[in-house]
Amino acid sequence: MYSFLLILQGRCVKFFSKAIDTMEKKRIFSHFILFIIIPLLIGNILFSSEAGFYSEDLNIIARYQQKNNDRILATGNVEVHYRNIKLFADRIELNTETRDVYAEGNVSIHFPEEVIDCERIHFNLDSSRGELKKVYGRIQPSIFYEADSIERKDANLYNLRKAKITSCTQAVPRWKFSCAEAKFKKDDYIEMWHSVLSIKKIPVFYFPYLRYPLDRERATGFLMPQFGYSGVKGLFYSQGFYLALKRNMDATFNFDYYSGRGFGGGLQYRYLFSSGTGGDLSAYIFKFKEDPEREDLDKAYIIRFNHNQPILLDFSLIANVDYQSSFDFLKEFDNNFKRAVVSNRASVVYLSRSWSSWNLSARVSRFETYFAEANTSSIKHNLPYIALNISQMKIFSPLYFSLSSVFDRWEFGWDYEYRAGTQRRSQSLSLRPELTFPFTTIPWITLSSTFVANFNYYFKSFEPGSVRSPGYGKLIDEPLLSTNYLINMELTGPVFNKVFFRADGSPKLKHIIEPNISYIYDSPVSASDRIITLTGYFFRYHQLTYSLTNRFLIKQNDMTREVFTLGLSQTFYLAPEESPLQMYKDFFEGDIPRFSDIEGYVRFYPSHKYSIDVSTAFNPYQKVFPSLHLAVNLGRYGDPLMCSVSWFKGTNPYYKDRIYDRHQINFTGGVTIRKLNLEAFTVLDFNIQERKMLYSLFSLVYHYQCLDFKADLKIFYFREKPETQFRISFGLGNIGKTTDLLGGY
């Protein structure tokens, strides 16, 4: 029947060719429909009914097929439909009892979320197990692969031999993995052994083992490595391994190797529980290579820990640890510039509870700051600090009551004083009741009056007459009770304002002038020279502070926003001999002056993305600016264009050339060129005081469809041996980059 239709179709075509010369175009089209298309449709219907095998769940369509008992042989555009599986091939052999099928020639098998093309397949339709040869396939949503052979263990597990894997769709993929053997688990991972990463056709990296995640969620596996070169540390290689423990916790293991210095390993562990308990732990240890010039360093380690947890009786527990065994190691290896130049150690355990107007808190802490220029550290302990406070409780309008009580046991001193056992120590109990009377009846004036009584009990004190220099004297076990009171009155106003309107009568700008004056009287304390203090000096505040603030506000989207602020302030000391200026009395001829520095600031925020902040102070006695800070921000990180400038100058006008003098400028900038898929970022730090660079970073990220390439050039000028460091890393599809555990901008 089928051959007859083919003969009929051929004669129709011959007839149609003759009609081309004699018929009009419309008649040609009608003959085409009548003599060509309709016979083909009829033939296909008749053929399929004659050359098809049907069962309840199995349907075979082919040009030719024959059945012998439970075996079917079909050739010519064969289609096998079985449940949710479709198989297409030039030729098949199928066992209808066992559902085993062998197919060859342009084989294509379709599953609900997967299509596989191959040359040959031996497959069981029921178990979905089988073997495929010369395979090309796609794993949803975007993983493409080819392999010499695949053994399909079940519907979700494949073994691949001599495979190539990528997520790129180009004829020549941007990147691909070539591996000797691979294991694929559906919606989970691909494991590869002896794999080579190629960019275009160029092999660039070899992996003895690699695990590529397929799930969009977090997945366990190796991260893409970082490698580079340092003029001081030599070639280096960083490898990370990510461990997805549970939905609420994970960990990252890092390994770093420096050919010139040694090797190190680290751990980052993060956790979060539904109760509100959460935190993170970072630990790192480094083993140095033997170096005759650096016999003092063998190992170094860093521990950073943050923990937050609600406990019994509605208390909250907070713990923070930032500890490093060697400040020299931190300066040499920490690639975060801000951490490397400011060396601190901190350990704090904090317990707190709040209810109604009450708050109870307790902490045990240790803080240490290292000054490299002096090669010494200042250390402070609180063992413990306990505070019980009552916030403002209304007695009757408008009178409010507050209470603060503190038990504090502390130690403070330089590291050499701790070694000698001469650090300052104190233990005290204080009680501070407070009454506040705010007056707001007049809209353009606010007056707040506060009366405080101070009761301080010191468990130890200095022996009378033994103090020869501030903070140093003979310590005796004689308790000391000191009492005094404090009065604070603060007046804001009268406040003046003016509103400027647009042509249509809507408000455009509001200008507010806000004067402020504050008076503090701290009554004298008897035997103040016997009290042990952190600085060695005892301060009493009897002063007058006055300021003037200008504010400019605009209305934007029915919201009022402050866009410009200008302020000036100064303090007049009525008891200068007990003010903070007493620390510098040796620098003044005659009496201690009464005026503090003049402080001013300007803030300009034309939009949420743009701002200018300037603050400064002027010392009227030394005729210098002891502090000056300028911050300009244009855009934010991630915007097509952003930059930030921070200029800071800080000095003590009385102690010249001290270790805490700073004069520094920082520039941070970034640009994103979307058409070129480029992101560039730079950071520059310059020491103006010493006229030398401290740090510079140049970072470039290139997005090449399914490939992210990042290159960093960092120069650490501040280190004992200035170091130039070049580091590259890349991301491929679902595999993240290895991050520098000691890194950051």
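Readers should treat all values here as calculations from the given coordinates under stated rules, not as data from a laboratory. What you are looking at is a predicted structure, and each value in this text was computed from that prediction instead of being measured. So basically every Cβ, Gly included, is an ideal-geometry build from the backbone, and we count neighbours across all protein chains shown.
What to note about this one:
- Charging the Cβ of each Asp and Glu at -1 and of each Lys and Arg at +1, and nothing else, the dipole of the chain about its Cα centre rounds to 1940 debye.
- Cα pair distances exceeding 17 angstrom across the range 314-437, given as percent: 68 percent
- Charge dipole (debye, nearest 20) of the range 501-631; +1 at Cβ of Lys and Arg, -1 at Cβ of Asp and Glu: 700 debye
- By other beta-carbon atoms within 10 Å, ranking SER506, SER461, SER391, SER426 with the fewest at the front produces SER506, SER391, SER426, SER461.
- Once the Cβ-Cβ distance of LYS338 and ARG161 is raised to the sixth power relative to R0 = 60 Å, the FRET efficiency obtained is 0.75.
- Here is the list for the range 555-632: GluC sites (Glu not before Pro) lying in DSSP coil, each with at most 11 other C-beta atoms within 10 angstrom of its C-beta, are GLU589.
- Charge dipole (the range 319-416, unit charges on Cβ, about Cα centre) - positive-most of PHE367, PHE412, SER352: SER352
- Residues ASP100, ASP591, ranked from the fewest to the most other C-beta atoms within 10 Å, line up as ASP591, ASP100.
- Mean residue ellipticity, 222 nm, helices only, the chain: the sum of -39500 (n - 2.57) across DSSP H runs of n ≥ 4, divided by residue count and rounded to 500, is -2000 deg cm²/dmol.
- Pairs with C-alpha atoms separated by more than 26 Å, drawn from the list LYS200/LYS675; LYS299/LYS721; LYS394/LYS460; LYS133/LYS185, are LYS394/LYS460.
- In the set (1) 54.8; (2) 36.2; (3) 34.0, the label that goes with mean projected area of the Cα convex hull in nm² computed for this structure is (1).
- The simple Förster model, with R0 at 41 Å and r as the Cβ-Cβ distance, assigns PHE501 and SER391 a FRET efficiency of 0.45.
- Overall shape: prolate for the range 415-471, with the ratio a/c of the largest to smallest alpha carbon gyration tensor axis at 1.5 or above and a/b above b/c.
- Evaluated with a Cβ-only charge set (Lys, Arg +1; Asp, Glu -1), the range 214-359 carries a dipole of roughly 400 debye about its Cα centre, given to the nearest 20.
- Charge-dipole axis of the range 54-222 as Lys and Arg at +1 and Asp and Glu at -1 on Cβ define it, positive-most pick from HIS194, VAL115, ASN156: HIS194
- Net length available on complete extension from GLU589 to ARG561 is 5.2 nm, with 0.36 nm assigned per residue and the Cα-Cα distance removed.
- Among LEU486, GLY240, ILE390 - extreme Cα towards positive end, dipole of the chain, charges at beta-carbon: GLY240
- Computed 3J(HN,Hα) for the range 559-568, one whole-Hz value per residue from the Karplus formula 6.51 cos²θ - 1.76 cosθ + 1.60 where θ = phi - 60°, is 10, 8, 10, 7, 10, 8, 9, 10, x, 9, glycine and proline marked x.
- From least to most packed, judged by other beta carbons within 10 angstrom and beginning with the fewest, TRP647, TRP358 follow the order TRP358, TRP647.
- Taking amide H positions as modeled 1.01 Å from N, with prolines and chain starts lacking one, the residues under 5 Å from GLY234 and 5 or more places away or on another chain are GLY260.
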